[in-house]
Each structure stands twice: as C-alpha cells, then as structure tokens.
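Working notes for the structure below.
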Amino acid sequence: MNAARTDGTAVAPMTDAEAAILRLAREAPELGQVAVAERLRSEGLRISPSGVRYLWQRHGLETAVKRLQALEEGRGADALTEAQRRLLERGMLTERLARGENATGDPAGDPEPTERRRLILDAAARLFAAEGYDRTSIRDIARNVGLLPGSVYHYFPSKRELFLAVHREGFEHTLEQVRKAAASSDDPWECLRRACAAHVEGIVGGSSVDRLAGSNLAVAQNDELLHEIRPHRASYEAVFRTLIDALPLRPGTDRSLLRLFLLGGMNWVYLWYREGKRTPREIADAMVDMLRSGVQP
C-alpha cells in the first residue's frame, strides 16, 4: 500500500535498498556512492553507485557535507566524531571557495583566496621538486595543505595548469629580481655579478616556487611542458644576453657560448648547494671572478 503526503498525493513505498542507503547516510555519512554500493552488496542488496546517488538526491543528501549536516541537525553536534567534524568543516570551506567566497563566507575580494592560492602553489612546488611531476597528484597537494581536492581544482583546473602556474610565477618573480639587480650599477661587470647573485639566490634560497622554476631553467622533465614554459625561459635568458653583450671582452670571444657556460654553471648549483658553506652571493661572486680573471696563475 502506498503512503500518502499531507496534501493527499501518493508516495511510493520505500524499498529495502533506499532504507539501507538512508541508514548508512546516518551511520557512515562520509562514505561515497561506490563505497555504499559495495557495502550494500555485501549485505545482499544489489544497487549501482549511480543508483545510490539518485536516491541520495531524492532526499537532499548527495554530498558528504549534506549528509553530515543532516546528521548534526537530527542528533546535535555531539553526534559527529572529531574526524567527521573536520570533514564537515573542510567540505563547507570547499563549497564556499567554489562560490567565490573566503573562509568567513564574505564575497571574494578579501586576501584569503590569494593566500590559499599561494599555499597551493608552494605545496605543489615542494612535491613536484621532491616526487616529480608524474608521481605527484592533486590529491597529494590538497592533503599537504589540508584541503579537499575540489578546493585545488577551484583555483587550477588540472595538474598541468598548476605545474605551469608554478613555473610562470617562479620565472616572473626571479626575473624581476634579476632585472632589478642588473640595473643597479653603471659598471657592466658589477651588473653581471649582482644579476648572478639574484639568480643563484632564487634557485637555492628563494621560495619553493622560485626554486622549482630555477631548477627547471636547466632541466626539462617533460617536452610538452618545456614547450609551454619556453617563452619564460627566453625572456629570462635575454636579460643575461644583454649583460654579456655589454661586457668588455677580448676580440673574438664567443659571447653566446660564454652566456650558456655561465647560465649552465649557475643552474646546476641547486644540485650541490649545501646551506652553511658559501652563501649564494659568494658563489655568484666566485663564478664571475673566475669568468673575468681566469684561473691560470
């Protein structure tokens, strides 16, 4: 016999699967649709993950946040475990970010989204440097900053776009520092020395983003990604081309080869640099001195 609404309309009776799904929504609200379907299958009820989602939607429970909120409203905040409370808080934060709001629910425009983007970029740079591009996932990056993967996708639509954003930002920041240093003196050798110091500092002493971008001036992990960052590399190398062209050198010196020789030496500093020995400035000074004066007695 069909049940009836208060307005007199008939309502289909609840099936065993629907009742079980609602029971699990109360007992284990954090489970996803695949996990629920598998749990029900072990109990002898066959329903697909999409069927679980359909029944969740009928009851307004299609997200973990909604299921946790329903449990909290029905039983009070004490009904949630500590892990469930943290999951609910993170999920609500993710939803606010997806709507363009900051953590307090105010419209976008506050500094928090910018700060959150910075946290994501820094975490991505650290993991890309430590694990490599292929072995780093968006889930790894999200976990590193205490966010859900959806929060990362709100700022960066894919891992590839995140990787390129790290490099763009790193190149632009280090390029700004190098340009500023290169224009800080009237002596061409001193300009080169200061630009080299800024370059080495960016590779070994800057932020995670600066270090990853700097290391990839020398090493390309992926041909397709290298093609994307090549314009930034070209702009960066153009600064050193100008600096080398301004040097008073012995006639016949191959300035292009000299530039590549210097950049190659500096780019590999990140492989052997150990903090506490020479400073980035001391390393750059020594390289430029050897370039200028040679090493023969």
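Any read-out appearing in this document is the output of simple, stated calculations on the displayed coordinates, not a laboratory observation. Only a predicted model underlies this, so the values are computations on that prediction, with no experimental measurement involved. Cβ atoms come from the backbone with ideal geometry, glycine included; neighbour counts cover every protein chain shown.
How much net charge surrounds L121 when only the other residues with a Cβ under 14 Å from the Cβ of L121 are counted, with Lys and Arg +1 and Asp and Glu -1? Intermediate results must be reported in sequence, preceding the final value.
Working: positive: R116, R117, R118, R126, K159, R168, R211; negative: E115, D122, E161, E169, E172, D210.
Within the 14 Å Cβ shell, the charges total +1.
Ordered by residue, what ³J(HN,Hα) values in Hz, to whole numbers, does the stretch 146-155 give under the Karplus form 6.51 cos²θ - 1.76 cosθ + 1.60, where θ = phi - 60° and Gly and Pro are x?
Here the 3J(HN,Hα) series is x, 10, 7, x, x, 5, 5, 5, 5, 8 Hz.
Tell me, how many Å apart are the Cα centres for the stretch 154-183 and for the stretch 226-246?
With the stretch 154-183 and the stretch 226-246 each reduced to a Cα centre, they are spaced 14 Å.
Amide H of L147: which non-local residues (sequence gap of 5 or more, or other chain) have their own amide H closer than 5 Å, using H built in the peptide plane?
Excluding prolines and chain starts, which carry no amide H, there are no hits.
In the stretch 162-215, with Lys and Arg counted as +1 and Asp and Glu as -1 at Cβ, which of these residues, A197, F163, H173, has the Cα nearest the positive end of the dipole, that is, farthest along it?
F163
So what's the net charge close to D289: Lys and Arg +1, Asp and Glu -1, counting the other residues with Cβ under 11 Å from its Cβ? Spell out each step's value before the answer.
Working: positive: R193, R292; negative: E282, D285.
Result for the neighbourhood of D289: 0.
Go through 167-177, 261-271 and give me the packing order, highest mean Cβ count within 10 Å leading. Spell out each step's value before the answer.
Numbers: 167-177: 19.5, 261-271: 17.2.
The most tightly packed comes first, giving 167-177, 261-271.
List the trypsin sites (Lys or Arg not before Pro) within the stretch 224-297 that DSSP assigns to loop and that have no more than 13 neighbouring Cβ atoms inside 10 Å.
Values: sites: R233, R241, R255, R259, R274, K277, R278, R281, R292; in loops: R274, K277, R278.
Taking the stretch 224-297 and a limit of 13 other Cβ atoms within 10 Å, the loop trypsin sites (Lys or Arg not before Pro) found are R274, K277.
For the stretch 129-134, take each phi angle, set θ = phi - 60°, evaluate the Karplus expression 6.51 cos²θ - 1.76 cosθ + 1.60, and give the result in whole Hz per residue in order, putting x for glycine and proline.
5, 7, 10, x, 5, 5
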